[in-house]
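The structure appears right after this line, and notes come after that.
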Amino acid sequence: MFPFAFRMFRDKLKTFVIYSLSAVGFLEMYIALFPTISQQASQFDQLLKTFPPEIFKAVGMDPSTLSFGNMESYLSSEYMSFLWPILAIIFAISIANYISVEEVDKGTIETLASLPTSRTRIFMERYFTGLLILAGFCVISLFGAIPLAMMHGADYVLGNYLTASIGSFFFIWAAYSMATMFSVIFSEKGKATMVSGGVLILMYVLHIISMLNDKLVNLQYISLLHYFNGSELLAKNVYPQYALLALGGFAVVAMLFALFWFKRRDLSV
C-alpha cells in the first residue's frame with residue numbers, strides 16, 4: 001500500500017540500527033561510570049564553580065544544571081549537550097538525502113519518477129517514513145538510559161526522559177526538514193550534505209557569538225540551536241513552548257518548500 005515508504009524503511013533499517021546502537025553504547029559508557037562519579041559529585045560541583053561563566057556560554061551549557069549528583073544532570077552535560085546533537089544531525093542529514101539527491105546522484109531518479117504515481121506521493125511517503133525513523137531514534141537514544149540505569153543500580157526520573165524525547169524530536173525534525181530542502185535543491189549528494197552541515201555549523205557559531213556578545217544577542221533567534229537546550233530538557237524537565245512552536249513551524253515550512261521544489265524541478269539534472 002505504501003511501496004515508497006516500505007522501500008525507504010528497508011534501505012535505511014541498517015543505518016537506523018547502527019545509529020541507535022551507537023547512542024545506546026555511549027549511554028552505557030556514561031551510565032556505567034555514573035555510580036563512581038556520583039560518589040565524588042561534591043568535588044566535581046565545586047570544581048565547576050571555579051570555571052568562568054564564558055566557558056559554559058561557549059559550549060551552550062547552563063551551569064545550574066551541571067551537577068553529577070543525579071543521573072539526569074550528569075547525562076545532560078555529558079551526553080545531551082554535545083554528543084547527542086551531533087549524532088542526531090548526521091543521522092537526519094543521511095535520512096534526508098535518501099528522499100531525492102541520493103537517487104539523482106546515482107542516476108535512478110528518472111526511473112522512480114516514471115512510475116505511475118505522483119511526485120507528491122513519492123515525497124510524502126519518503127519524508128514521513130524518515131520522520132518516523134528519526135522519532136524511533138529519539139526514543140531509543142533517550143529512553144535507552146532507563147534499562148541501563150536499572151542494570152547499574154542508578155536512580156532515574158522517568159518524566160525527564162519523556163520531556164527530553166519530545167524536545168529532541170522537534171529539534172531533529174527541524175534539522176531533517178532543512179536537510180530535506182537541500183536534498184531536493186541539489187543534484188549532488190556531497191554538495192547537499194556539505195551545505196546542510198555548513199548551515200548548521202554556521203547556526204552553531206552564531207549561537208555562540210550571540211551568547212558571548214550582548215550587542216549581537218538577536219543573532220540567537222536565527223539558530224535552531226537556540227531553541228534546543230539539552231540540559232534543560234533532561235536535567236530540569238522543562239521546555240519552553242515557544243521553542244517547540246519555532247522548531248515545529250520551521251520544520252513544516254521547510255518541508256512544504258521542499259515538496260514545492262521537488263514537484264517542479266527537472267529530475268534529470
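Side notes on the structure shown:
- Selected residue (criterion: nearest to Leu224 (Cα to Cα)) from residues of the range 44-100 that are of a type in the set (Val, Ile, Thr) and modelled with pLDDT of 85 or more: Ile89
- No other residue among Leu202, Leu162 is surrounded by fewer than 18 Cβ atoms within 10 Å (Cβ to Cβ), over 15 Å from the mean Cα position of the chain (by Cα) and under 18 Å from Leu87 (Cα atoms) apart from Leu202.
- The range 184-231, subset of a type in the set (Ser, Thr, Tyr) and within 21 Å of Ser76 (Cα to Cα), residue modelled with the lowest pLDDT: Ser231
- Residue check, Ala92 of a type in the set (A, V, I, L, M) and surrounded by 22 or more Cβ atoms within 10 Å (Cβ to Cβ): yes
- If the condition is being small (Gly, Ala, Ser), within 20 Å of Tyr204 (Cα to Cα) and touching a residue at least 24 places away in the same chain (Cβ under 8 Å), then the range 224-253 contributes Gly230, Ser231, Ala243, Gly248, Ala251.
- Output for the range 133-155, where each listed residue is buried (at least 18 other Cβ atoms within 10 Å of the Cβ) and in a loop (DSSP other than H, G, I, E, B): Gly144, Ala154
- Any chance Asp105 is surrounded by fewer than 19 Cβ atoms within 10 Å (Cβ to Cβ), closer than 30 Å to Met71 by Cβ and in contact (Cβ under 8 Å) with a residue 60 or more places away in the chain: no
- When Phe169 is tested against (1) surrounded by fewer than 21 Cβ atoms within 10 Å (Cβ to Cβ); (2) assigned to a helix (DSSP H, G or I); (3) free of Cβ contacts under 8 Å to residues at least 40 places away in the same chain, only condition (1) is not met.
- The range 214-269 - residue that is under 16 Å from the mean Cα position of the chain (by Cα) and among the hydroxyl-bearing types (Ser, Thr, Tyr) and, of those, farthest from Asp155 (Cα to Cα): Ser223
- Here Ser20 meets each of (1) at pLDDT below 85; (2) under 23 Å from Ile133 (Cα atoms); (3) among the polar types (S, T, N, Q) with one exception, condition (1).
- Residues of the range 72-105 satisfying the condition of being of a type in the set (Phe, Trp, Tyr) and in a helix (DSSP H, G or I): Tyr74, Tyr79, Trp84, Phe91, Tyr98
The values are calculated or read from the model by the stated rules, or taken from the named source; none is laboratory data. The structure presented is a predicted model; accordingly, all values stated were derived computationally and were not measured. Backbone-built Cβ (ideal geometry, glycine too); neighbour counts: all protein chains shown.
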